[in-house]
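The values are calculated or read from the model by the stated rules, or taken from the named source; none is laboratory data. Being a predicted model, the structure only gives us computed values, none of them experimental. All Cβ positions, glycine included, derive from the backbone under ideal geometry; neighbour counts span all protein chains shown. What goes into the accessible areas is simple: the full protein's heavy atoms, side chains included, and nothing from ligands, DNA or RNA. Shrake-Rupley method; radii C 1.70, N 1.55, O 1.52, S 1.80 Å.
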Amino acid sequence: MFEQLALHGGSPVRPLLLPYGKQQVEEDDIAAVVEVLRSDWLTVGPTIEAFEEAFAHFVGASYAVAVSSGTAALHAAMHALEIGSGDEVIVSPLTFAASANCIIYQNGTPVFADVEPDTLLLDPHQVEEKLSARTKAIIAVDYAGQPCDYDALKAIARRHGLAVVADACHSVGGRYRGRAVGALGDLNVFSFHPVKHLTTGEGGMVTTNDAELAQRIRMFRNHGVPTDHRQRAAHGSYYYEMVTLGYNYRITDIQCALGLSQLKKLPAFVRRRQELAARYDEAFATLEGIVPVNVRADRVSAYHLYPVRCRLDALDLTRDAMYAALRAENIGVNVHYLPVYLHPYYRRRFNVGPGLCPIAEAAYKRLLTLPLFPRMTDEDLMDVIAAVKKIIRSYR
Ligand SMILES: *Cc1c(COP(=O)(O)O)cnc(C)c1O
């Protein structure tokens, strides 16, 4: 049977575009937000602490500090570790630019170390190659939802006196050697953007077991002032001091009400993502032309993304052609990520270009992210698989 591709004028696999990711906000989430809107505290109120405590409990960390975005959380992490001019921080290139931009905010220098070919996670051996006397920290990115090899990274960090920051924006709900994501790094960073596992609209969190780092981040999100408005109001005092240069990176109680309500559903969200990913794995196991990212036996991925690599050698088809063909079938595929140092800003500022991390670059040329979100139905999933098979058949 020959099916005409939608790209060539045939009818698409589905009539409406299936996005690659989407939030799930329900009536009880909305009611929780409305309740805070009717309360006295829209910001700096008790719902922020309630969300922080519930989140810390969920991930098994001693402290959680909520901020206005995942990017603010990364910046706060760099500030808390006192990254400054002349300091180098080793980071994965296969990530959203914010993972590395945070180093530059603090006038540090990002140093890109290549990824492992099967998992696309920061490779501890490559990290070791990039160490210098100026190295202060490692930012490991749990790409697609799979935790990095934190035992190996922390062993390197211990030997050289470095801190490990886990950019866990993809991996809340994931596990590494039986331990939950959230206390695997010295600092662990999360995002609550609508495509992530749980949303507050915009929002972020840092978790840690280190009381001093947590306090530094609390101060940093509030202009560098150690007390907040509510604490002063409770003491009837007007006096405050600014002790370091901070920002207004506060999250609101309105957002935290949404976060608290979403957090209750997080286990179900993660389970549904894992279930859908397992069905993709099964469908692609024997399909020539598509290679899913490997998840190691000692990890549980939380599956923020479901990236696959197109086997360009097996098919007369480029990644971009596959992307266009899937979009025409109304499958909302995406690409994660252009290696950070290939962005024009990085090329110019750090005088870098192709060749720096060959494995990440080769992966980028073949990567496609398939739709994956909790509300996706079994029929949606079948549409994606049908579209992938239709395209591969027509190109073989
Ligand atoms: C989403 C994301 C961020 C940034 O989070 P925002 O909340 O959008 O600022 C950082 N790192 C990674 C890996 C992300 O996916």
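Values for this structure:
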item: Alpha carbon convex hull of the stretch 166-228, volume per residue in cubic angstrom; result: 87
item: Cα-based equivalent ellipsoid of the stretch 126-242: semi-axis lengths in Å, sorted from largest, via gyration tensor; result: 31, 20, 12
item: Nonlocal amide H pairs with Asn222, under 5 Å, H built at 1.01 Å; result: Tyr247, Tyr249
item: Rotationally averaged projected area of the chain (alpha carbon convex hull; nm²); result: 20.6
item: Residue pairs, from the table Lys130/Lys196; Lys154/Lys196; Lys22/Lys265; Lys196/Lys265; Lys22/Lys264; Lys130/Lys154, whose Cα atoms sit over 22 Å apart; result: Lys130/Lys196; Lys154/Lys196
item: Simple spin-label estimate for Arg159 and Leu42 in nanometres, 7 Å along Cα-Cβ; result: 5.4
item: The stretch 210-279: proportion of alpha-carbon pairs further apart than 19 angstrom, %; result: 57
item: Sites Ser62 and Arg177 - FRET efficiency at Förster radius 30 Å, r taken between beta-carbons, to 0.05; result: 0.90
item: DSSP-assigned coil residues among GluC sites (Glu not before Pro) in the stretch 53-93, each with at most 14 further Cβ atoms within 10 Å; result: Glu82
item: Percent of Cα pairs exceeding the 20 Å cut-off, where the set is the stretch 295-395; result: 50
item: Whole-Hz couplings from phi, Karplus 6.51/-1.76/1.60, listed for the stretch 249-264; x for Gly and Pro; result: 10, 6, 9, 9, 5, 4, 5, 5, 5, 5, x, 4, 5, 5, 4, 4
item: Per-residue HN-Hα couplings for the stretch 215-229 [Karplus 6.51, -1.76, 1.60; θ = phi - 60°; Hz; x = Gly/Pro]; result: 5, 4, 6, 4, 6, 4, 6, 10, 6, x, 9, x, 10, 10, 4
item: Solvent-accessible area per residue for the stretch 290-384 (1.4 angstrom probe, square angstrom); result: 42
item: Percent antiparallel among DSSP beta bridges (both partners in the chain, rounded to 5); result: 60
item: Accessible surface of Thr286 - all protein chains present, 1.4 Å probe, nearest 10 Å²; result: 130
item: Computed accessible area, Arg366, all protein chains, 1.4 angstrom probe, square angstrom; result: 70
item: Derived scalar couplings ³J(HN,Hα) [the stretch 14-31; Karplus, 6.51 cos²θ - 1.76 cosθ + 1.60; whole Hz; x for Gly, Pro]; result: 9, x, 10, 5, 8, x, 7, x, 6, 6, 10, 10, 10, 4, 5, 5, 5, 4
item: Trypsin sites (Lys or Arg not before Pro) restricted to the stretch 60-154 and DSSP loop, no more than 13 other C-beta within 10 Å; result: Arg134
item: With all protein chains modelled, accessible area of Glu35 [1.4 Å, Å²]; result: 130
item: Heavy-atom accessible surface of the chain: percent carbon and sulfur, 1.4 Å; result: 53
item: Difference of contour (0.36 nm per residue) and Cα-Cα distance, Glu275 to Ser132; result: 47.2 nm
item: For the stretch 76-101 and the stretch 15-50, distance of Cα centres in Å; result: 30
item: Restricting the stretch 221-320 to GluC sites (Glu not before Pro) in coil, as DSSP defines it, with at most 15 other Cβ within 10 Å; result: Glu241, Glu288
item: Whole-number Å³ per residue for the convex hull built on Cα positions in the stretch 342-396; result: 133
item: Per residue accessible area in Å² of the stretch 62-214, where ligands, DNA and RNA are left out and the probe is 1.4 Å; result: 29
item: Bridge type composition, the stretch 82-220 - antiparallel percent by DSSP, nearest 5; result: 30
